[in-house]
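Okay, so here's the structure we're looking at.
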Amino acid sequence: MLPDPSWTARLAGRCLALYDAGTPLGPAAVADDLMDLPDFPMHCPDHHTLVPFALLTAAHLRAGRGRDALEADLNKAAERAAVLPGGLCGSSGCCGAAIGGGIFAAVWNKTSPTSKAGWAAGNAMTARCLEAVAGVEGPRCCKRVVYLAVTAAAAGARSLLNLDLGPEEAPLCRRFARNRECRGTACPFFPRKNAEE
């Protein structure tokens, strides 16, 4: 299963609305907002698109790049993420959310397979995101890997892209009750208050 074009369009529309609102948001806050869209699935390959979308929206808000530039970057990221099937994490050992972090870096740097400058940054960003994802054992949780990827990419953006995405509070999951495979307190984003009740 590949990302659903209708979800890609809805996610992109929401990113542009957040940009139009003009409030600087960190990538995890943008990701949370996108995951709050009505009926957005608990698990689906659209998370592979959501990661670069959240990072690009936060980056454009911080860097002051124009709306048209954001829209063009979202289109490029969507095109690149469209080939990432669901289940890569378990079947191939390379989570699509982590690849989404690399897509963000490659789109931000305007790199292609033949680029010299910036080519390494996309691969380094994917490696950082993948290392963060690999730091928590399975089973799958698309929400968890989104949080892990966007926070790793935000930290990596400073050194790899010379881009400061601003301070951000650690995200807390509000969706764990919908995940039959939730790891509970073994997840770094599980709300501890709920665990104590």
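None of the figures in this text is laboratory data; all of them are computed from the coordinates on show. Remember, predicted model here, so these are calculated numbers, not experimental data. Neighbour counts run over all protein chains shown; Cβ positions are idealised from the backbone, glycine included.
Are there trypsin sites (Lys or Arg not before Pro) in region 78-125 that DSSP puts in a loop and that have at most 15 other Cβ atoms within 10 Å, and which ones? Show your work: numbers first, answer last.
On the way: sites: 80, 110, 116; in loops: 110, 116.
Filter output for region 78-125: 110, 116.
Obtain the nm distance between the two label points defined at residue 192 and residue 17 by a simple spin-label model: each point lies 7 Å from its Cα along the Cα-to-C-beta direction.
Placing both labels 7 Å beyond Cα along the Cβ direction yields 3.4 nm.
What do you get for the angle between helix 96-108 and the principal long axis of the chain? Use alpha-carbon atoms, 0 to 90 degrees, nearest ten.
So the helix axis and the longest Cα principal axis differ by about 20 degrees.
Could you give the alpha-carbon Rg of region 1-91 over 2.2 N^0.38 Å, rounded to two decimals?
That works out to 1.03 for region 1-91.
Using Cα-only point scatterers and the Debye equation, what is log10 of I(q)/I(0) for the chain at each q in 0.08, 0.13, 0.16 Å⁻¹, rounded to two decimals?
One equal scatterer on each Cα of the chain leads to -0.23, -0.62, -0.95.
Quick check: pseudo-label points 7 Å beyond the Cα along Cα→Cβ at residue 83 and residue 67, how many nm apart are they?
Distance between label points: 3.2 nm.
Can you tell me the orientation of helix 5-21 relative to the chain, as the angle in degrees between its alpha-carbon axis and the longest Cα principal axis, to the nearest 10?
Approximately 70 degrees, to the nearest 10.
Tell me, rounded to the nearest percent, the portion of alpha carbon pairs in region 88-129 spaced more than 11 Å apart. Walk me through the numbers on the way to the answer.
Numbers: 512 of 861 pairs.
Here the long-distance tail beyond 11 Å is 59 percent of all Cα pairs in region 88-129.
For helix 67-81, report the angle its Cα long axis makes with the longest principal axis of the Cα atoms of the chain; keep it between 0 and 90° and round to the nearest 10°.
60
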